[in-house]
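Novice: The structure is given below, and queries will be raised subsequently.
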Amino acid sequence: MDRVKSSIQQVPNPIPKVLSRRAGGANSLEVEKENFERSQAVSINKAINTQEVAVKEKHARTCILGTHHEKGAHTFWAAVNRLPLSSNAVLCWKFCHVFHKLLRDGHPNVIKDSVRNKADLTDMSRMWGHLSEGYGKLCSIYLKLLITKMEFHIKNPRFPGNLQMSNRQLEEAGENDVNNFFQLTVEMFDYLECELNLFLGVFSSLDMSRSVSVTAAGQCRLAPLIQVILDSSHLYDYTVKLLFKLHSCLPADTLQGHRDRFQEQFKKLKSLFYRSSNLQYFKRLIQIPQLPENPPNFLRASALSEHISPVVVIPAETSSPESEHVVETDDLVDTDIPPLASAVESRFDDLFGTSAATDPFNFNSQNGMRKDDKDRLIEQLTAELQALKEELESFRLESGRLCQALRGRVSELEAELAEQTHLKQQALGESEFLKAELDDLRRVKEDTEKEQRSLTEIERKAQANEQRYTKLKEKYTELVQSHADLLRKNAEVTRQMTVARAAQDEVENVKREMQEKVKAAQETANQQEKNQAEQLQALQADLVTSRTELETLKASMASSQKSGEELSSQVAALEMEKVGLAERVTQKEAELAGLGEELERVQSSLTIERESGVKAAEALQNQLNEKESREQALESELEALRWMALRAALEEAEKIVQDSLAQLDEPTHISCTSSADYLMSRCQAALDCVDRLQSARDGFVSNNTDMSELLRAVAQFAHLVGDTIVQGSATAHMLPVEQADVLASSVKACGSEALGLLGQLKEQGSLCTADSSGLKTALEGVLASAEKLRPQGLELQQGELGDLVEQEMAATSAAVESAAARIEEMLNKSRAVDTGIKMEVNERILASCTELMQAIKVLVLSSKDLQRDIVEGGRGAASIKEFYAKNSRWTEGLISASKAVGWGATMMVDAADLVVQGKGKFEELMVCSHEIAASTAQLVAASKVKADKDSSNLHRLQQASRGVTQATAGVVASTKSGKSQIEETVFFSFVISDTMDFSSMTLTQIKRQEMDSQVLVLELETRLQKERERLGELRKKHYELAGAAEGWGEEGEGTG
């Protein structure tokens, strides 16, 4: 009973038989049709899913019965068209398997109903054909087979889907016309060819060294081959019969092509039948016939009687484990039957006695009967007993069979009762759901009427919004103009700031001048103090003079008493002046005394300092003498250390060169390869380094105190020469034997010359006379060999390369202009067609794309200006085209970057056009934006690699690059916001129309749904990981192809 309950819980939906009962009970054709379509959709979705397991037979059988029920395949295609066949290869593979079964065993109208989807199947086959492995390639082959099968049956309607025909029907299919038989044979050859291609494709995709037929993934790929085997056996039989028919009517030479094609297909089919019959998976499902050892001889008419039609036998189907409901009822009915034979025997012993120990049938002493009568009686009774035993055994067997039948009937009745109970509950739930849905429809109808009434109001508001939009557009134009004005003002402010900075610098200069003036004023004040001291001395002299004059006046006063009264006033004034002068003299004397004391202190300190300076000078002289002697010792020691360091560096350089030469004979180095271009660059660098080493040697000889330049030159020389040797050997690995030997000998000669030069530099005697001409000759020989190995036809002429740069830059500008014009045109179309959120999203996206195009345009113009500066500054006396030819690598980088920018702009406009039309993906637009950012970064890098870092055009280019980055971020942000707006709108409508309800689900069903969701999450994560790996491989392949296009790739052949 537990198994019965579990099997009932595993039924997620009602079976079609019960649905038909419900429909009959409801007496409604619509309900019956709805239940039929629902059951068919469930079976189709279970048969065609993303799990890599074989299609279950019961689900496929339900789909086949459905086509006979509706006499066509409309329901099947309605369900299939909702499946994402183009995005999942396993899903498409299982669809092909189920569709093949329908074409074979379904209603005859399936072929007619499926022809209208032929174009979609063809496109899907072409799409999957781009994949070279896995289910994608198999799906492409399978779809071609199904299309060929449909075309064959449309052209030959007499052939049924399973191709089973009698010989008379086969004769009637050709209408007794040899031309028809000829054409029919060709069509059968094409049909069988498609079958064999699928056979071979499946086997080639499997690892036949393992038991793949017992794995779920292997059975998923092998299951459709059962249908292929059935079709192939009939096609082979009919082809043989038709070829005998044709050989009886046409010459043998005319049918030579038919015979050759049959021979080829016979070998393939025989091999495939033999390989299939050995697989464990087919042994329990189908008996595959074996074809004869040799193909039929069509040139001999009697060979037709030897032909045996291959017969494919499919064993009778047994109930699968998931469809069996094993009910253990041994504990319900006791089927133990007592041993009746023993009971009869015991009864016989009771009647006739128990003397079995001696003679169980000795009746001579009983009742006085004769021995013959007793023997006959015994034989009669023994026969009756045997008959009773046989009857009893048959009765027991019949009873056991009846009991077993009753058990099965009881289990069936219990299962049907449980199923009816479950269906009743489900019907009640569906009834409630339909009632709720009816109420929702009524409410929706009322809401629709309300919306219809408000439609007029909305249209009126739309007109008002249109007027507002016109005004806003005018305002937007004004804002754009004001924005341009602000940009101009910003430039003016920047210029004013520059002027202000210049003024600030001028203020700093004035400040420095003022400080100098202050210092000059301090010096002037000191000079004035000196002048005051001189004036004081002059005043002292005046004082002495005044005293002398006073004495003279006294004498004159004594002699001039007569004029005493007149001179009294003068004397009084002179006395007052004398008093003032005396006070001044006193002050000056005090100052003189202070100055005298200060002079004495200064003189004493000066004397002390002079004495200490003499002592310090003597000590310094002693230290100087000691330092000179120590410096002489250190100089000699330093000279020895210099030579030691130089010898060590030269010995290390010799080891590097010797190690590089040892790599030539290293077996593991054979797998290393290089290109002639890279070898040339290494050779040229080594030649330049030899010149540098020579000049450093000359400098060291003239001034042996500075050896840093010589050490650096030696280290660089060793590495470059060693790298040249290794790269030359790697390049030789990709050349023919003769060229490889020549290059290897040149490289070895180069290493020998380098070791000789380093040995001369180690000795002081030969340092000045070391000659590097032999090494230069060897390096020039390697360079010449590498030059011969460069691929021919890849170099452009000087004029062509220079013109190509200008053409590519002009083409990039034209592509950007065209893209901007297309975006403006798309914006106008969107405003005229779209409304609401879609118009808002489109305007925002196209506006950001317009800004990006303008930023790219500014970037391209800045790049042109910077390139012009680079060419004018670096070409010297050469022409522009010669400069481009001389710097070919840099020029090719510019060309590649320009192409990438133009291509990215075109692709972004195409992606934006598809997004605006509702046919594209927002992710494509974001990817195109990132690609444009990367391309512009490449253009900036290629432009500034030779630019002066202080160039104004370089700063302008970097600013334009930042503008492109910001515009790209704007495109991505507007795209993401638009996508989220549209997805929110779609999700809101989806939530309103399809709310998930888990209230009617049991615990087991919820657990099953949870497991299915986890499986889907794991599958999506696996797909994401695979797509990331595929993206990495695509980027790697893109890098390789780009390198080959730009001449980076390694060349495997020389020019000889």
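Novice: Exactly one condition in (1) among the polar types (S, T, N, Q); (2) within 17 Å of ALA713 (Cβ to Cβ); (3) outside any helix (DSSP H, G or I) is false for GLN684; which is it?
Specialist: Unmet for GLN684, out of (1) among the polar types (S, T, N, Q); (2) within 17 Å of ALA713 (Cβ to Cβ); (3) outside any helix (DSSP H, G or I): (3).
Novice: Is it the case that GLY756 is on the phi < 0 side of the Ramachandran plot, at pLDDT 85 or above and over 51 Å from the mean Cα position of the chain (by Cα)?
Specialist: Yes.
Novice: Would you confirm whether any residue within the stretch 885-893 is open to solvent by 40 Å² or more (accessible area, probe 1.4 Å), at pLDDT below 70, in contact with a helix residue (DSSP H, G or I) (Cβ under 6 Å, 6 or more places away or on another chain) and more than 18 Å from ALA967 (Cα to Cα)?
Specialist: Yes, the stretch 885-893 contains at least one residue that is open to solvent by 40 Å² or more (accessible area, probe 1.4 Å), at pLDDT below 70, in contact with a helix residue (DSSP H, G or I) (Cβ under 6 Å, 6 or more places away or on another chain) and more than 18 Å from ALA967 (Cα to Cα).
Novice: Please give the helices (runs of 4 or more DSSP H) falling wholly within the stretch 28-107 in which 3 or more residues are closer than 22 Å to TYR281 by Cα.
Specialist: Once the helices (runs of 4 or more DSSP H) in the stretch 28-107 are filtered for at least 3 residues that are closer than 22 Å to TYR281 by Cα, what remains is 57-70, 89-105.
Novice: Just the residues that are more than 29 Å from the chain's Cα centre (by Cα) and open to solvent by 40 Å² or more (accessible area, probe 1.4 Å), please, taken from the stretch 113-132.
Specialist: VAL115, ARG116, LYS118, ALA119
Novice: Let me ask you something else. Sort out which residues of the stretch 141-168 are within 44 Å of the chain's Cα centre (by Cα) and of a type in the set (D, E, K, R), and write them in order of number.
Specialist: Scanning the stretch 141-168 gives LYS144, LYS149, GLU151.
Novice: Here is a follow-up. Return yes when PRO251 is touching a helix residue (DSSP H, G or I) at 6+ places or on another chain (Cβ under 6 Å) and part of a loop (DSSP other than H, G, I, E, B) and no when it is not.
Specialist: It is false that PRO251 is touching a helix residue (DSSP H, G or I) at 6+ places or on another chain (Cβ under 6 Å) and part of a loop (DSSP other than H, G, I, E, B).
Novice: Restricting to the stretch 265-293, name every residue that is within 25 Å of PHE244 (Cα to Cα), of a type outside the set (Phe, Trp, Tyr) and touching a helix residue (DSSP H, G or I) at 6+ places or on another chain (Cβ under 9 Å).
Specialist: GLN265, LYS268, LEU269, LEU272, ILE288, PRO289, GLN290, LEU291, PRO292, GLU293
Novice: In the stretch 998-1050, which residue that is open to solvent by 80 Å² or more (accessible area, probe 1.4 Å), farther than 30 Å from GLN426 by Cα and of a type in the set (Asp, Glu) is modelled with the lowest pLDDT?
Specialist: Among them, the one singled out is GLU1050.
Novice: Among the residues of the stretch 920-956, write down those that are open to solvent by less than 20 Å² (accessible area, probe 1.4 Å) and touching a Lys or Arg at 6+ places or on another chain (Cβ under 6 Å).
Specialist: LEU954
Novice: Please verify whether ASP665 is exposed (fewer than 14 other Cβ atoms within 10 Å of the Cβ), on the phi < 0 side of the Ramachandran plot and outside any helix (DSSP H, G or I), treating the condition exactly as stated.
Specialist: yes
Novice: How many residues are among the hydrophobic types (A, V, I, L, M, F, W, C) and within 23 Å of ALA847 (Cα to Cα) when one looks only at the stretch 463-479?
Specialist: 2
Novice: If you don't mind, another one. Restricting the first residue to the stretch 744-772 and requiring it to be open to solvent by 40 Å² or more (accessible area, probe 1.4 Å), which pairs with a second residue that is part of a loop (DSSP other than H, G, I, E, B) and aliphatic (A, V, I, L, M) meet a Cβ separation below 8 Å and a spacing of at least six or different chains?
Specialist: LYS748/LEU664; GLN760/ALA770
Novice: Does ARG642 count as assigned to a helix (DSSP H, G or I), touching a residue at least 24 places away in the same chain (Cβ under 8 Å) and under 30 Å from ALA749 (Cα atoms)?
Specialist: When the stated conditions are applied, ARG642 does not pass them.
Novice: Follow-up question, since we're still on this one. Go over the candidates TYR142, TYR135 one by one and state the one that is open to solvent by less than 40 Å² (accessible area, probe 1.4 Å), within 24 Å of GLN51 (Cα to Cα), among the aromatic types (Phe, Trp, Tyr) and at pLDDT below 90.
Specialist: TYR135
Novice: Also: Go over the candidates SER271, SER248, SER277, SER305 one by one and state the one that is loosely packed, with under 15 Cβ neighbours inside 10 Å and without any contact (Cβ under 8 Å) to a residue 24 or more places away in the chain.
Specialist: Only one candidate passes the filter, namely SER305.
Novice: How many residues does the stretch 700-741 hold that are under 15 Å from CYS683 (Cβ atoms) and either in contact (Cβ under 8 Å) with a residue 24 or more places away in the chain or loosely packed, with under 15 Cβ neighbours inside 10 Å (or both)?
Specialist: The total comes to 15.
The values are calculated or read from the model by the stated rules, or taken from the named source; none is laboratory data. Just so it is clear, the structure is predicted and the values come from calculations on it, not from any experiment. A quick note on method: Cβ atoms are made from the backbone with ideal geometry, for glycine too, and the neighbour counts reach across all protein chains shown. All accessible areas refer to the heavy atoms of the entire protein, side chains included, with ligands and DNA or RNA removed. Shrake-Rupley method; radii C 1.70, N 1.55, O 1.52, S 1.80 Å.
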